[in-house]
Amino acid sequence: MSKDVLVIGGGPAGLEAANQLKILGYKAYIVEKSEKLGGHLAKWDRLFPESISASETLDKLLKPINDISVFLNSEIVSVNGTDGSFSVLLSNNITLSVSSIIVATGFSLFHAEKKEEYGYGIYDRVITSVDLENYFKKHSDNRIINPKKIGFVHCVGSRDEKVCNRQCSKVCCVTAIKQACEVKEIFPQSEVYCFYMDLRMYGRYYEDLYLEAQSKYGIRFIRGRVSEVSEDENGKLVVKAEDTLSSKPLKVTLDLLVLMVGMVKNDDNESISNLLNIRVGEDGFFKTANPILRSTEGDSQGIFFAGASTGPKTLPETINEAKATVLSMHNYLSKQV
Amino acid sequence: MIVNGKQKIWSEYQKEIPDDHYFYVRSCIRQNFFPASEKTFLDIVRNKLNLDFFETEHHTTCGGIAYHSDTIPQETLMTIVARQFALMTESGYKNYVASCITSFGIYTETLETWQHFPEFEEKIRENLWKATKREFNKPEYLAHASDVIYKLRDKIAARAKHRLINKFTGEPLRVVEHIGCHYSKMFPSKGVGGAEYPYVLTGMIEAWGGEIIDYPERRHCCGFGFRQYLVQANRGYSLSNTHKKFESMQPFKPDMIITNCPGCPYFLDRWQYVIAEMEGKTYGENSQGIPVFTYEEVAGLVLGYDPWDLGLQVHQTDVEPLLDKMGIEYNKADKYKI
Amino acid sequence: MKERLIFGYDPFVLPFTLGMVFIILYLLVGTVRIILALDDSERKLILKSFFPLKLFKSIKDIILDCLIHVKIFKKNPLLGYMHSSIAFGWFMLIFIGHIEVMIYTPQRTGVLYYPVFFRYFVMETHETLRGSFFFFLMDLSLLLVLTGIGLAIFKRFRSKALGMRRTTKLRLGDKIALYSLWAIFPLRLLAESFTANISGGSFLTISINHLLNAFVTNPDYILPVWWAYSIALGLFLFALPFSRYMHIPTEILLILLRNAGIKSSMSRNGYAESEIYSCSRCGICIDDCPMTVQKRNIKFSSVYFIRLLRRRFDESINTADKCLMCNKCVEVCPVGIDSTRLKLLKRQEEYGKSRTNYDYLSTIEYSKKRADNVLYYAGCMTHLSPAIYKSLFKILESAKIDYTFLDSDGSICCGRPLMLSGNLEGAKNLIKKNRELIKASGCDTLLLSCPICYKIFNEEYKLKGIKVVHHSVYINDLVKSGKISLKKSSDSYVFHDPCELGRGSNIYDEPRELLSNSGVVKEASKERRESICCGGSLGSLTLSYNDREQITKASLKALLENDPDKVVTACPLCLKSFSPYNSKPTIDIAQIISEQLINS
Amino acid sequence: MVDFGYSLSPSSRINLDNFDQGRLTILSKIEPDLIKCIACGSCAASCSAANFTKINLRKVILLLHRGLDNEAVSLIEGCMLCGKCTLVCPRGINTRNLIRSILKTYKEV
């Protein structure tokens, strides 16, 4: 019974899973399709709710990886065998024979261009939450020049059947509020508006962050989805929404608009599910064996899930799930002889 | 404004428009509003570009106005549409082109409905047979007349006598494009350039030398809105819509407006007069209005037709300022010839 | 006996005399100003008050309050002794001084300075019995005062010993007056001792005189000491109006006016002025103000409010708005200043004009069936704690008493909160409408479970022929008249006196009597008239949520002193304030009783 | 000016661009907790006067932040200052004094 395990995806879930595998004495292989490890975490500056540094967090995840074999810029081409012995062919022509596979492929960020009415990539001062995080890291972005009025649009590409994503991405509300506060730190004179449909402050300290956003930073909250964005003669952004709490249409001219892009399924989920002979749900994320009791297991033997590959999750949830995944995989393999 | 961003979107919304052999149907209200536009269209495609556009005096209204004014049910509407298709089939055409945006919308809506509810189509075929003993094939290609001009824009540009250039400054004319709501708002994939940033008119303007300006209320309805205009009690809303658009476009100092819908040019033109009378406010240079045109009229001007043959004298907002900018010769007296 | 100086004058009397003249004029002008600010009806009251009976009461009060200071004795004996020894002793000195003048030098009667410096001008042998008697009395009084002064000086440094945690800060005027006051009597002792061998003296002065003669033989030293004594007096008198010690003369006027039945009608003028000047800034109210659990809120206690008023500073409105109106400071004030009323008046002057209108009230009509004898009005707050009226109804039903629930589907507020906010005009609208509805019901008893409502229904509504009663009293009567019977539980309770019920309406015993039928009633460390506000009071307009929280906790601490099983109150607002912070259950009295009912 | 028997209908749209925050700033100084409102509506739901009037404090706070001062003030007409809303406010806003301060700041007598 081989102790080799394949981890698909080098994001937080994959890294944590690999670490746990190592601790339990397994040999983990990480296959990462991009050119570096870290996934979306690498794009972030600080993490909600206690604004812990993303890079430090990533370093901690990467540290134990050094002696684990990682294949970058590579994907799986074919998988043969089932039940505790798979031979996997990678795009770099390496073949691995492993006893089980952990799918930690995560999620993709919604392409803001698809919400054409918001004009991302068309209006100069419309950016995404990712662009903003990048600005927080690099402190430079030619679209952000001392803005006086800033808007945040929640649920861009989430809870929106028109762009084929019905799910809530879970993290955007609190991220928006985190970023709103951070932006206010940098531009204390600015007026900041959040356009939300619901504020889903479900996690520990999230509500506190919300309260701080109100009372300390004076962020203005407008309940209503932005309907359309356009440029006025000075290149400022004219934003329209309904202020649903007063049931009146509302218009405001802004210098910067931040789109909170949601978590969507990866385009290659379909092909991976075919290779591994597992299923994807209606939302395009992978289907688990049992959503409550076996949420880390795939419905074909030896296949496991960790992280956002089975739907939007926060980082702590992802890390915890990676641990749980390895444990249930360990239990599974111990039964095989 | 990042132009290649728009181009990216345009590239995603390209619809197939046949080059030739169309069954052409006119619009009810354009006959009265801008009668010369359809005449010009046919003259351009038939005589200037030698293409095959067939039309028959037997076609009727598409029923759109009645439908959108809630006076006839969808089933009746579809039967009328089916009859038009029957006429096309009988005269051996496969490409259907409508002069009216509302009709275009109605036809698209009908075809889409039939696609999702085939049983509905069957019922309509039945109705039509009972009523007229006619049968029909669905058109292979459905186009709006502005799609055709868009397709031919470069051919027209090649034959241009005038370009959309301000001869006094040498600058491109600043053009506001207004798309009829029923062109692509309901079915974005059915319009050139989609719903948010339609390209059909922009393409013509670019080809003919003008410069398109985008303004906050660009997407806004012209104000016709059927019942909004037709019922006098609501007419204030119709007017307010148009007013909102003009307030929003004024800072961009447009030289002209180009439209692809029967109602829009009418209301953008007439309401400017009403606002001037009611509020004493005008939106063009030296307290004149902003001239409003149909795309056929603009094409006509570019190809060197006589303004008065294009029926520009029936516009309520004077077009002379634009003609002067384009350097078009015209005889003042002829404006009032019968 | 004979005068040492025939012309009975020496320049050293000037400082005192001028001071005396100044203060007399000042007081006259002040009194006239106050009288003028009163309206005719009030002036009539004053005239009436000069009839013997009332006058006698006033004199009694003056003696008890201004000389003996009984109230302060109650607060703390030592503190009381300090005040009365100084006040009474000094009074005796002046009083006997005048008698001496009248007896020995009648021709000098009415000369301002004569009684004060009598010993300097008059030589008298103390051999005669009469003489020695007076000498003795004078020395005795002087000794009395000196002990008081001694205590006063001691209090400056250790106020706790005299039962005061916090005292007020002194300003320049106070300091001059205070130190000169301290100086006066030792100097008098010194001066009189110097002259004791010439003018005679008694056990105190004579003995010191012998002591002095031992090393001071030169009589030239005498005069400067008399000068010093006179200057001390002069300084004190001049500083008086600009110091807290102005209360000494003003309080007399205050008592006269109060006994005449006059109340303040403006926050600064008329009667209010006499109250303001009667404030000795003793600071007793500081410790008792619930807000002062937080040091930073000391500035909002009544003593400082009155000081702001006295100096006509605008900030006074902020303090007025902050106040909980729990009335505790009024209860403990030794001078009996109704500062709560002053704050209310201040609010009225600021917001008196109603900025909102109540026309909609006119459309409301009495929709219930004609009421049975008992009409119950829950009021706004009780609607947030339905357990209260549910329990009350259970009790009424068990007592077979029919009742009608006036505001079962929402109330028009009783008007008390609006009144407390200073909007008297607005409150009148609500009172008018509620009165209509109650009259329309045809009830003979109006039953209330909210002390806030109770107070205003009781005091402002003037419901002739209708008995207004708070449920704690009403239920107690039911028990006493045997209409309901209760089984005793093993629980122990502490009863929180709601401000509006206790200090506000003087109901302390009935609730306790009632509770004792169902369990053991334990004492709180502060209760009855000293009970600490729950912090929720509608009296305060601007007190923040967090400040209130601190008060609630302090109040609870006092209640839980003797570790009761349950905290019982009789006010929906107190209930709401305590519940979140109370480690023990907080329960309305009606609920307690309803659980102990024996159903016959 | 000609009368055509119809006229421009006033827009109901909130335009945050021309919103003078002067008085709101004053108000926020008096009651800083104002901005802590989460629009839960407890105040409006518990209001005694709401049985008889259009009072809705939740909406008042909102409208003040949208610059619709008159409409806002009209929605506290007839408040009896009973203080129920203060008791139920989950964010601990001193609504009672807030109402008083709004009337004072926005309604001259």
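The values are calculated or read from the model by the stated rules, or taken from the named source; none is laboratory data. Everything quoted here is computed from the prediction, not taken from an experiment. Neighbour counts are summed over all protein chains in view; Cβ atoms, including those assigned to glycine, are modelled from backbone coordinates with ideal geometry.
Of everything in segment C:105-114, what is surrounded by fewer than 19 Cβ atoms within 10 Å (Cβ to Cβ) and of a type outside the set (S, T, N, Q)? Give them in sequence order. Quick ask: steps written out before the conclusion?
From segment C:105-114, those surrounded by fewer than 19 Cβ atoms within 10 Å (Cβ to Cβ) are C:106-112; that's our starting set.
Scanning segment C:105-114 gives C:PRO106, C:ARG108, C:GLY110, C:VAL111, C:LEU112.
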So, first residue in a loop (DSSP other than H, G, I, E, B) in segment C:397-411, second residue of a type in the set (Gly, Ala, Ser), Cβ within less than 7 Å, six or more apart or across chains; the pairs are C:LEU406/C:SER441; C:ASP407/C:ALA378; C:GLY410/D:SER48; C:SER411/C:ALA378; C:SER411/C:GLY379; C:SER411/D:SER48
C:LEU463 is checked against (1) buried (at least 20 other Cβ atoms within 10 Å of the Cβ); (2) touching a Leu at 6+ places or on another chain (Cβ under 7 Å) and fails just one. What number does that condition carry? (1)
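Can you tell me which residues in segment C:487-506 are buried (at least 21 other Cβ atoms within 10 Å of the Cβ) and more than 19 Å from C:PRO585 (Cα to Cα)? Don't jump to the end; show me each part of the working.
Initially, segment C:487-506 is screened for residues buried (at least 21 other Cβ atoms within 10 Å of the Cβ), giving C:493-504.
Once the filter is applied, which keeps residues that are buried (at least 21 other Cβ atoms within 10 Å of the Cβ) and more than 19 Å from C:PRO585 (Cα to Cα), segment C:487-506 yields C:CYS499, C:GLU500, C:LEU501, C:GLY502, C:ARG503, C:GLY504.
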Residue check for C:ARG548: within 14 Å of another protein chain (Cβ to nearest Cβ) and not hydrophobic (A, V, I, L, M, F, W, C): yes
Out of the residues in segment C:363-378 that are in contact (Cβ under 8 Å) with a residue 60 or more places away in the chain and among the small types (Gly, Ala, Ser), which is nearest to C:SER264 (Cα to Cα)? C:ALA378
Matching entry among C:LEU181, C:LEU143, C:LEU162 (being in contact (Cβ under 8 Å) with a residue 12 or more places away in the chain and either surrounded by fewer than 19 Cβ atoms within 10 Å (Cβ to Cβ) or not assigned by TED's automatic domain parsing to the domain that holds C:ALA87 (or both)): C:LEU143
Is one or more of the residues making up segment C:528-537 part of a loop (DSSP other than H, G, I, E, B), free of Cβ contacts under 8 Å to residues at least 60 places away in the same chain, closer than 30 Å to C:LYS295 by Cα and within 14 Å of chain D (Cβ to nearest Cβ)? yes
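Conditions (1) of a type in the set (S, T, N, Q); (2) assigned to a helix (DSSP H, G or I); (3) more than 30 Å from the chain's Cα centre (by Cα), marked per residue:
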| position | (1), (2), (3) |
| --- | --- |
| C:TYR179 | no, yes, no |
| C:TRP182 | no, yes, no |
| C:LEU190 | no, yes, yes |
| C:THR195 | yes, yes, yes |
| C:THR205 | yes, yes, yes |
| C:ASN209 | yes, yes, yes |
| C:TYR229 | no, yes, yes |
| C:LEU237 | no, yes, no |
| C:LEU240 | no, yes, no |
By residue number, the members of segment D:46-83 that are under 30 Å from A:LEU209 (Cα atoms), within 14 Å of chain C (Cβ to nearest Cβ) and without any contact (Cβ under 8 Å) to a residue 40 or more places away in the chain are D:CYS47, D:ALA72, D:GLY83
Under 8 Å by Cβ, and 6 or more places apart or on different chains, what pairs join a residue from segment A:214-226 that is at the interface with chain D (Cβ under 10 Å from one of its Cβ atoms) with one that is among the small types (Gly, Ala, Ser) and part of a loop (DSSP other than H, G, I, E, B)? A:ARG223/D:ALA39
Boolean, C:ARG347 is within 14 Å of chain D (Cβ to nearest Cβ) and either modelled with pLDDT of 95 or more or over 24 Å from C:PRO572 (Cα atoms) (or both): yes
Scanning segment A:1-46 residue by residue, those without any contact (Cβ under 8 Å) to a residue 60 or more places away in the chain and among the acidic types (Asp, Glu) turn out to be A:GLU32, A:GLU35
Take residues that are closer than 24 Å to B:TYR183 by Cα and more than 14 Å from chain D (Cβ to nearest Cβ) and tell me which of the helices (runs of 4 or more DSSP H) falling wholly in segment B:212-308 contain 2 or more. B:263-279, B:295-303
Quick check on this structure: which one of A:LYS36, A:LYS63 is of a type in the set (Lys, Arg), surrounded by fewer than 14 Cβ atoms within 10 Å (Cβ to Cβ) and not in a helix (DSSP H, G or I)? A:LYS36
Which count do you get for residues in segment C:354-388 that are small (Gly, Ala, Ser), part of a helix (DSSP H, G or I) and surrounded by fewer than 23 Cβ atoms within 10 Å (Cβ to Cβ)? 2
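For segment B:128-153, which positions are polar (S, T, N, Q) and surrounded by fewer than 17 Cβ atoms within 10 Å (Cβ to Cβ)? Step through it out loud before you land on a result.
Initial filter on segment B:128-153 (polar (S, T, N, Q)): B:132, B:137, B:146.
Answer for segment B:128-153, where residues must be polar (S, T, N, Q) and surrounded by fewer than 17 Cβ atoms within 10 Å (Cβ to Cβ): B:THR132, B:ASN137.
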Could you check how many residues of segment B:177-196 are within 13 Å of chain A (Cβ to nearest Cβ) and either assigned to a helix (DSSP H, G or I) or buried (at least 23 other Cβ atoms within 10 Å of the Cβ) (or both)? 5
Residues of segment C:136-177 being more than 21 Å from C:PHE91 (Cβ to Cβ) and assigned to a helix (DSSP H, G or I), which ones? C:PHE154, C:ARG156, C:PHE157, C:SER159, C:LYS160, C:ALA161, C:LEU162, C:LEU172, C:GLY173, C:ASP174, C:LYS175, C:ILE176
Give the residue that is modelled with the lowest pLDDT, with candidates limited to residues of segment C:389-413 that are crowded, with 18+ Cβ neighbours inside 10 Å and within 14 Å of chain D (Cβ to nearest Cβ). C:SER411
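Among what's in segment D:25-34 and is among the hydrophobic types (A, V, I, L, M, F, W, C) and more than 10 Å from chain A (Cβ to nearest Cβ), pick the residue that is nearest to D:LEU103 (Cα to Cα). Step through it out loud before you land on a result.
Going residue by residue through segment D:25-34, those that are among the hydrophobic types (A, V, I, L, M, F, W, C) are D:26-27, D:30, D:34.
Now drop any that are not more than 10 Å from chain A (Cβ to nearest Cβ), which leaves D:26-27, D:30.
Values: D:ILE26: 12, D:LEU27: 10, D:ILE30: 12 Å.
Checking each candidate, the answer is D:LEU27.
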When segment B:309-338 is checked residue by residue, the ones that are assigned to a helix (DSSP H, G or I) and either under 21 Å from B:THR169 (Cβ atoms) or basic (Lys, Arg) (or both) are B:GLU320, B:PRO321, B:LEU322, B:LEU323, B:ASP324, B:LYS325, B:MET326, B:LYS332, B:LYS335
Can you tell me how many residues in segment C:287-333 are within 20 Å of C:LEU573 (Cβ to Cβ), not in a helix (DSSP H, G or I) and not hydrophobic (A, V, I, L, M, F, W, C)? 1
Scanning for something closer than 21 Å to C:LEU237 by Cα, assigned to a helix (DSSP H, G or I) and among the basic types (Lys, Arg), does segment C:29-38 turn up at least one residue? yes
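Would you point out the residue of segment D:3-24, among those that are in a helix (DSSP H, G or I), surrounded by 13 or more Cβ atoms within 10 Å (Cβ to Cβ) and not aliphatic (A, V, I, L, M), that is farthest from the other protein chains (Cβ to nearest Cβ)? Lay out the reasoning, then the answer.
Filtering segment D:3-24 down to residues in a helix (DSSP H, G or I) leaves D:16-18, D:22-24.
Of the ones still in play, those that are also surrounded by 13 or more Cβ atoms within 10 Å (Cβ to Cβ) are D:16-17, D:23-24.
With not aliphatic (A, V, I, L, M) added as a condition, the list becomes D:17, D:23.
Working: D:ASP17: 5, D:ARG23: 14 Å.
Result: D:ARG23.
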Flag for A:LYS162 being basic (Lys, Arg), at pLDDT 95 or above, assigned by TED's automatic domain parsing to the domain that holds A:LEU237 and more than 17 Å from the chain's Cα centre (by Cα): no
